[in-house]
Structure formats: structure tokens, C-alpha cells
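Take a look at the structure set out below.
Each reported figure results from applying straightforward, stated rules to the coordinates on display, with no laboratory input. Keep in mind that this is a model prediction, so the values were computed, not measured. FYI the Cβ positions are ideal-geometry reconstructions off the backbone, even for glycines, and counts take in every protein chain you see.
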Amino acid sequence: MAEQVSDAIIRVRDITVQFGKTRVLDGLNLDVKRGEILGFVGPSGAGKSVLTRTIIGLVPKVAGSIEVFGVDLDAANSAQRRAVERRWGILFQQGALFSSLTVRQNIQFPVREYLRVSQRLLDEIVVAKLVMVGLKPEVADRYPSELSGGMIKRVALARALALDPELVFLDEPTSGLDPIGAGDFDELVRTLQRTLGLTVFMVTHDLDSLYTACDRIAVLGSGKIIAAGSIADMKASQHPWLQQYFNGKRARAVTG
Amino acid sequence: MLATRNQLWLVNDRFDKAIGAYRGPDGQPAEGWADVNGDPTLERIAQGEGLALCAAGNWTARFAPALERIVSDAEKLRGSRTHFFIDVSQVASLDTFGAWLIERLRRSLSDASAEAKIAGLSANYSSLVDEVSRVGPAPTVDSTSLSLSGMLEQIGLTVVGIGGTIVSLVDMLGAVIAAAGNVLIHPRTFRLASTVHHLEQVCWRAVPIVVLITFLIGCIISQQGIFHFRQFGADIFVVDMLGVLVLREIGVLLVAIMVAGRSGSAYTAELGSMKMREEIDALRTMGFDPIEVLILPRMLALVLALPILAFLGAMAALYGGGLVAWLYGGVDPEAFLLRLRDAISIDHFIVGIVKAPVMAAVIGIVACVEGLAVQGSAESLGQHTTASVVKGIFFVIVMDGVFAIFFASIGM
């Protein structure tokens, strides 16, 4: 595995995204290495979610190229694309659970589509995933509208992990969770990364997550990556926003 | 070689040291082991009283169907031995699917008389197996059985549901009237901008399609009338038929059905998605009455719109009918108008147009009740939007029948 650690699982080159006349991303470059947890921060409205959605192909880009697992997503045919999509899992900001399916059906949905396995194994996998994300198996037959915000996040993570992907995108996974739940969540992401060799692309505002879960941090500002590196690099940076973010009042409260 | 491995099962705690013994000097797996990069395998090796199951290959989601077969086969060994060892040291990659299936195998092989152990876990994988070992039995799904009592229960529930629908319609009617009364007392609470906005949506924007459809229906009635009346030499009576039919019935009924499909469904979908996103709850907590803010302007817009649309529709139908009568039946416009003047009176027009606001109110009430009944799911939104249109059209036709009886009995 050692020789693979260095290669980039996501390679973003010079991408530009524009909505009408507003340029959200402007020639952005980013590499995510295999097996790392990348924390992605930036001011609200800077385009963090836009970048995530561009990488997974939900937002069209004006220019640039995106490679995931070494596959250029623009050049890929639909079969190659599907193969890539099967290897990643995505946790949307609002969960994006299918509202007319139960928790069980939500988690089983991708598995059922891609693998021919028995109903028994499907049901067991649901329980395993629910336990992994810290939920009781009893919630399996509830509908998303009957879940709390934190539970929706966890079920959405369970669905994102349903096929044991190699890469997961987490869009603000800990927002709306209580601090204990958020801590568990970070711990869970860490465990999964360790055990499954998962690569995690995490958009977050949670300083705790950045400190405890992330290997590397990338900062988005004015359409570009303004800094990337470890927590120590971030704190040493002279950029005013970074100064405020990592050395501000809230940050000091985290580091003590 | 085999002897080394046999010892291994008995000395689990020395496992990590022992693993080197059956690997080649260069760290590559020694001969005889399954291809580590290939399909998953589970080799069975008898060891006196016990049995060793050696897992190898990729135990991952991609191979889940094959893994499940392998594990189901191995589960049949249950009870055949007193000791089972599941050796996972040769597994090339493991994820939750593989880990769970190994754990499942361990559980199904161990019972009162037999013992099963998992051996050879590396540090990374042991936390994964620990994770899945916390998994309890899957909760069973209760399936609804098809039985006579179940069907009777369904019928009963449907009847209760119909009763509930009528109650909620009356409830909504009362709430809307109360809100209207409140607005009359405090005219400043009236939402003019919202009403005008909805009036544009349901009236102004509906004009082209309503006029087009009623025009075509007028043409068709006229053409059919002329075609059949001609056999009796009664061509000119098509004007009587057209006038009475369009003004009394077709004009308003057709327009009401179109409005139920076009605006009733829109109201239900709008209110339903607002309900789903807790927007209606937000309004309520800010001290606003959703009936007054959301429903009254919509109802008022619909009640104003339908008579206007019904009038325009009737005119378009008469125009279309007259055009066909002239071009196809040879009844020139002057003769058509003369005949029309004799055939119809203002009563016919009034009978038609009086029904319009009532039908609008019925459509609006049904649409709003259905909109507020939407639950949290997208499926529920779809069901209630469908129900809104179906019930709206049903009640429009029922109301039309009631009006027909009423007007017949008062001689209009």
C-alpha cells in the first residue's frame, strides 16, 4: 500500500465554474491523495459545495479537467463513469435521503442496484452499517421524515458507505450534530479511514474535526486554493482570513 | 508446512510471530496458498477434532455474491466438528461485507457443542471485525398478509377515510370563511399583492389554453350537430343546441375541470412542499395564520378567476361553433346571431355563470386540504396532488348535478 499513498485519487486542474456572470471557481487546482482525510474550509459562499458538486459532476464547469481514480471524467464513457460512481460515496449537506423509502431501503438501494446478494445479507448489511454510524437497528423501518437532523446525517453516511467505497465526499458532516455526536462522527471517519483505507474529502466548518480527523487542510478563497497543508501550516500562514479562522476566539477555545 | 499451521490454531496469541513461518523468505506467500489478488476462497483443512477454514483473496463488496455463496456453503458444516478456526491472515483486502460474512460464519458455526474462532486478524482489520461483531440480529420486516379480514379492514378504513375527507373539507370551508370574516373586519390584514399574484397565475396565464380548448369544443359540437341534424333538415337548430349547451353546461364545466387540473394541482403541490419544508410551521410560530396568509388569497383568486374564464370560454366556444356553422353548415353569421338571439335568454347565461364561483370554491378547498395533508415524503406529495385533481373534478361534477336539479325545480 505504501507506494500508493503518494498518488492522487482526485486530480483537479484549472477548473473554472461560472453562474451567469459570477465566477465561483477560477482556475482551481487541487490534489487529494489516496488514504488521506482532506478537510476543506473557506468562508461561507466561497464555493466549497460548488467544488464538491463539480467534482462529482453535478455542476457543469467552463474549463479545466477532473480526474478521479485516474479516470478523466470528461473523456469517460458512461460505463467508466458508472464504475467510478460505484467507488465513491457522497454525503450531501441535507442528507438527501429518499423520502419515500425507509432507512433500510435507503441503505439497501445502492447495494441492491450493484450487487446480486440475498435479502438476508442486505438486511444484515443494513444493521451493520447502522451500528457503524452509531444508530440502533430499530430505526431501520422509519421514514426520513421521522428522524432527527443528526440521525438523518448518520443514515446518509450509512448510505454513502453502503458499498464500502474507496472515496467519500462529506459536505458539512458534523453541522447540526451535538458536540459529542460530532466527536463520535470524527472518530468514526478516522476508524473507517484506518480500516478500509478510505479517502475522505470533507467540507467542514468544524474546527474540532479539522484538528482531530483531518490529515491535511485546503482553504478556498476567491475561487482558488489559497493554502493547503497541515494544521500547523495553517496557523503559521500570514493570510488574514486564515489568521482569523485558526487563531480567532473560537479556535483558541478548541486548542485551549 | 501443515504441521506449522496446525500448531498455529492452537496458539492464537502467538499468531503474529507464527505467520512468518509459512511465508516465503521474501515475504511473498509460500506455495500452495490461493492467489491473494484474485477471487475470494475458503479452503477447508481438517485437523483432528477441528477444522480450519482459510479465507483468501478479496473479501470485499465487489465479490459479495461469490462470498455469500462460499459462506453459505461453509455454514452447512455446523455441528460436524467441535472446533472451527477461521483464518483470515491470507485475505488480501477486507471491508464491511467481508468482515460481516466472516463474523456471520463464526456465529453460525458456534453453538453449545462447538466453538469457532477467528484468527490471523491484522490490527487494521481487527477493529473492523470488532465493529461488525457488535451487530445484532437483523430486525424482521413485518409483512402484511393478504387475508379476508385484512381486505375488510381496508374497506372499512377507506370508508372512514371518505368520512374524514368530508369533515376536513367542511373544516377548511369554515376556516376560510372565518379568515374572510376577519379580513372584512380588519381590511388591513388583506393580502392584496398575494391575491393579485395568484390571480395572474390562475386567470391571466390560463386564458390562452382555456380559450383554445373551448373554441375547439365549440367547433366539434357544431360540426357534429350539423352532421346529424342535416338528416332531418334541421341544420339551423344546431344554433339552439350550441347556445344552450355552451352557456348552461359545457362552458363552465369544462373550464372548471381545466382549472382543477391546472391550478388545483399547483395549489396542492405548493402548499404540500411548504408543509414538507416546515415553512407552514414557521409561519404559524411567527404568529401568522396560514389560512389567512396562504389559503385565503389563493381561494379568492380562484373564485374571481373561474367566472372570468368561464365567460371567456363560453364566448370562444360560441365563436368556434359559429365559424364551423358558417364554413361547414352554410349558416351565415347574420342568420346564426338571429337564431341565437331567439334560442337563448339571459337565464341561460346566468345559470352557467352562477355555478362558476361555487365550483372554484370547491376546487380551492379540495386543493388546500390536500396540500396541508401532505406528509414528509415525495411520494405523499404526488399522491395528494393526484387526489386533489381527482377529487376536485369529482366534486365539480357533483355540484353541477346538484345545480341542474335546483334550476330545474325553480324552472330556470
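Before moving on, here are some points about what is shown:
- Near the amide H of A:VAL71, within less than 5 Å, lie no amide hydrogens of residues on another chain or at least 5 residues away, with H placed in the peptide plane.
- Cβ-Cβ distance of B:LEU323 and B:HIS186, R₀ of 51 Å, FRET efficiency by 1/(1 + (r/R0)^6): the value works out to about 0.50.
- Estimated FRET transfer efficiency (A:ASP141, B:ARG78; beta-carbon r; R0 30 Å; 0.05): 0.50
- Segment B:HIS228..B:GLU278, full-extension length gain: 12.2 nm, with 0.36 nm per residue of separation and the alpha-carbon distance subtracted.
- Computed label-point distance, nm, for sites B:ASP171 and B:ILE350 using a 7 Å Cα→Cβ extension: 3.9 nm
- Pairs from A:LYS48/A:LYS235; A:LYS61/A:LYS136; A:LYS21/A:LYS153; A:LYS249/B:LYS275; A:LYS48/A:LYS136; A:LYS136/B:LYS117 whose Cα-Cα separation, in the structure shown, is over 30 Å: A:LYS61/A:LYS136; A:LYS21/A:LYS153; A:LYS249/B:LYS275; A:LYS48/A:LYS136
- Residues in the stretch A:78-95 carry Karplus couplings, in order, of 5, 5, 5, 4, 4, 4, 5, 4, 6, 8, 10, x, 10, 9, 7, 4, 9, x Hz; the curve used is 6.51 cos²θ - 1.76 cosθ + 1.60 with θ = phi - 60°, and Gly or Pro positions show x.
- Packing-based exposure ordering (other Cβ within 10 Å, fewest first) of A:MET151, A:MET234: A:MET151, A:MET234
- Test item: Cα-centred dipole of chain B, Lys/Arg +1 and Asp/Glu -1 on Cβ, debye: 260 debye
- Here B:ARG341 and B:HIS197 are evaluated by their C-beta separation; at R0 = 51 Å the FRET efficiency comes out at 0.80.
- In this simple spin-label model, placing a label point 7 Å from the Cα along the Cα-to-Cβ direction at both B:SER126 and A:TYR114 gives a separation of 3.0 nm.
- When peptides B:170-182, A:81-93, B:234-246 are sorted by average Cβ neighbour count within 10 Å, with the highest value leading, the order is B:234-246, A:81-93, B:170-182.
- Using C-alpha pairs below 8 Å separated by at least 6 residues, the relative contact order for chain B is 15 percent.
- Length gained when the stretch B:LEU157-B:THR285 is fully extended (0.36 nm per residue, less Cα-Cα span): 42.8 nm
- Signed unit charges on C-beta, dipole axis of the stretch A:23-166, positive-most listed residue A:SER118, A:LEU51, A:PRO144: A:PRO144
- Within 10 Å of the Cβ of each residue in A:49-61, the mean number of Cβ atoms contributed by other protein chains is 0.
- For B:CYS368, B:CYS203, order by how many other beta-carbon atoms lie within 10 Å, fewest first: B:CYS203, B:CYS368
- Test item: A:113-126 mean partner chain Cβ contacts at 10 Å: 5
- Whole-Hz Karplus values for the stretch B:193-210 come out as 4, 5, 4, 5, 4, 5, 4, 4, 5, 8, 9, 4, 6, 8, 4, x, 5, 5 Hz, taken residue by residue from phi with 6.51 cos²θ - 1.76 cosθ + 1.60 and θ = phi - 60°; glycine and proline positions read x.
- Computed per residue of chain B from DSSP H runs no shorter than four, each worth -39500 (n - 2.57), the mean residue ellipticity at 222 nm is -21000 deg cm²/dmol.
- Least to most buried among A:GLU172, B:GLU279, B:GLU270, B:GLU153 (fewest other Cβ within 10 Å first): B:GLU153, B:GLU279, B:GLU270, A:GLU172
- Placed amide H near A:GLN18: partners under 5 Å, 5+ positions off or other chain: A:VAL24, A:VAL62
- Amide H to amide H, with H built 1.01 Å from N, A:ILE90 comes under 5 Å of A:PHE169, counting only residues 5 or more places away or on other chains.
- Rounded if a/c under 1.5, otherwise prolate or oblate - the stretch B:143-258, Cα gyration tensor axes: oblate
- For the segment B:371-382, counting C-beta atoms of other chains within 10 Å of every residue's C-beta and taking the mean gives 3.
- Potential extension, B:SER110-B:ALA378 segment - 0.36 nm per residue separation minus Cα distance: 92.0 nm
- Gaussian network model of chain B, springs between alpha carbon atoms under 10 Å - residue of B:LEU67, B:LEU300, B:LEU247 with greatest fluctuation: B:LEU67
- Given charges at beta-carbon only (K, R positive; D, E negative), |dipole| of the stretch B:104-227 in Debye: 320 debye
- In a reduced charge model with +1 at each Lys and Arg Cβ and -1 at each Asp and Glu Cβ, chain A shows a dipole moment near 380 debye about its Cα centre.
- The shape of the protein assembly as shown comes out prolate: with a ≥ b ≥ c from the C-alpha gyration tensor, a/c is at least 1.5 and a/b beats b/c.
- Cα gyration tensor, the stretch B:32-93 - rounded (a/c under 1.5), prolate or oblate: oblate
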